[in-house]
Amino acid sequence: MAFVIAVAQRKGGAGKSTLAANLATAFAGLGERVALLDTDPQKTLGHWHAARAKAGSRATVLDFDTPSGWRVPGACDKLRRSHDLILLDTPPHDDTDARIAIRAADLVLVPLQPSPADLWATGATLDLAKAEKRPVAVALNRVPAQGKLASEVAAALRGNGLTLLDPMLGNRSGFAQAFALGLGVTEAAPRSVAAEEVRALAAALKGFRRR
Ligand SMILES: Nc1ncnc2c1ncn2[C@@H]1O[C@H](COP(=O)(O)OP(=O)(O)OP(=O)(O)O)[C@@H](O)[C@H]1O
Ligand SMILES: [Mg+2]
């Protein structure tokens, strides 16, 4: 039975689509049967997947679909038996569709850029997950190479009893470069620091999955 992860964060541009695509491809690269569902009407991952068709042998096999919000539970039910992992990319701002995805998920993965504004905006997503009784894991994304912001935000999260994943993603141009090719960084640049970070995040997420 597939484990379902909804990547959710009301704040726009936090890195939901980047995380969803990079984790999907990293897990697929490990031989897992992965389905990636883009539930965001912006269809960011739809564009990514269209580019992927031209990526050749670097693109590992994964199933992809773009179900609209209300179709998400049915789509997950259909895929659960045939897949190990289902990743849901969700829209910003739209609490109704985000709620449906969160309800269908076993875990809510919340990307968070380490800034006070992003931290404050995260409360709405955390409330949604709480209302749906779904566990949450926060992943810091676009962490700058220098400065104390990441450790301050991490301390604030942990102080609030939230689960913060130890691996974090730096602010790296490789993510956009791979994305433009329809690839994840583990496919486009497997030896890059970005790829190492994504593999570490994937390994940390394995700990949440059912035995
Ligand atoms: N770790 C990173 N390093 C550098 N750039 C990043 C990183 N993560 C995301 N980005 C960039 O930030 C922008 C927003 O990322 P992305 O589209 O994944 O966010 P999103 O949360 O899905 O946005 P939306 O809310 O609009 O759906 C993109 O240009 C992406 O390339
Ligand atoms: Mg997005």
When you count, for each residue, the other Cβ atoms within 10 Å and take the mean per peptide, how do 67-78, 164-175 rank with the highest first? 164-175, 67-78
About its Cα centre, the chain carries a charge dipole, from +1 on Lys and Arg Cβ atoms and -1 on Asp and Glu Cβ atoms, whose size in debye to the nearest 20 is 340
Taking 0.36 nm per residue of separation and subtracting the Cα-Cα distance, what length does fully extending V193 through K54 add? 47.6 nm
When the range 106-211 is reduced to its Cα atoms, the Kirkwood hydrodynamic radius in Å: 14.7
How much net charge surrounds T90 when only the other residues with a Cβ under 11 Å from the Cβ of T90 are counted, with Lys and Arg +1 and Asp and Glu -1? -3
Plugging the Cβ-Cβ distance of D63 and E152 into 1/(1 + (r/R0)^6) at R0 = 30 Å yields, to the nearest 0.05, a FRET efficiency of 0.15
Charge-dipole axis of the range 72-211 as Lys and Arg at +1 and Asp and Glu at -1 on Cβ define it, positive-most pick from A200, T125, P92: A200
Grab the other residues whose beta carbon is less than 13 angstrom from that of G74, score K and R as +1, D and E as -1, and report the net. +2
If the reach is capped at under 16 angstrom between alpha carbons, list the lysines near K133, excluding any in the same chain fewer than eight residues apart. none
5 Å is the cut-off here: which amide hydrogens, built 1.01 Å from N in the peptide plane, fall below it relative to S192, excluding neighbours closer than 5 in sequence? none
In sequence order, calculated HN-Hα J values of the range 14-29 (Karplus, 6.51, -1.76, 1.60; Hz; x Gly/Pro): 6, x, 4, 5, 4, 5, 4, 5, 6, 6, 4, 6, 5, 5, 4, x
Long-range alpha-carbon pairs in the range 1-81, meaning those over 15 Å apart, account in percent for 58
Can you spot the aspartates and glutamates whose alpha carbon is less than 12 Å from K16's alpha carbon? Ignore those fewer than 8 places along the same chain. D38, D40, D89
Straight distance only, please: which lysines reach the Cα of K54 with their own Cα at less than 20 Å, same-chain residues fewer than 8 apart left out? K43
With viscosity set to 1.306 mPa s at 10 °C, what whole-number translational diffusion coefficient in µm²/s follows for the range 3-204 from Stokes-Einstein and a Kirkwood radius over Cα pairs? 95
Using each residue's phi in the range 143-150, evaluate 6.51 cos²θ - 1.76 cosθ + 1.60 at θ = phi - 60° and report the 3J(HN,Hα) Karplus result to the nearest Hz, with x for Gly and Pro. 6, x, 5, 10, x, 9, 4, 4
Which stretch or stretches of the range 138-170 have amide N atoms under 13 Å from the point lying 7 Å from A203's Cα along the Cα→Cβ direction? 166-168
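Read-outs: derived from the displayed coordinates by stated rules, not from any lab. Bear in mind the structure is a predicted one, so any value in this text is a computation, not a measurement. Glycine gets a Cβ as well: all are built from the backbone with ideal geometry, and neighbour counts include every protein chain shown.
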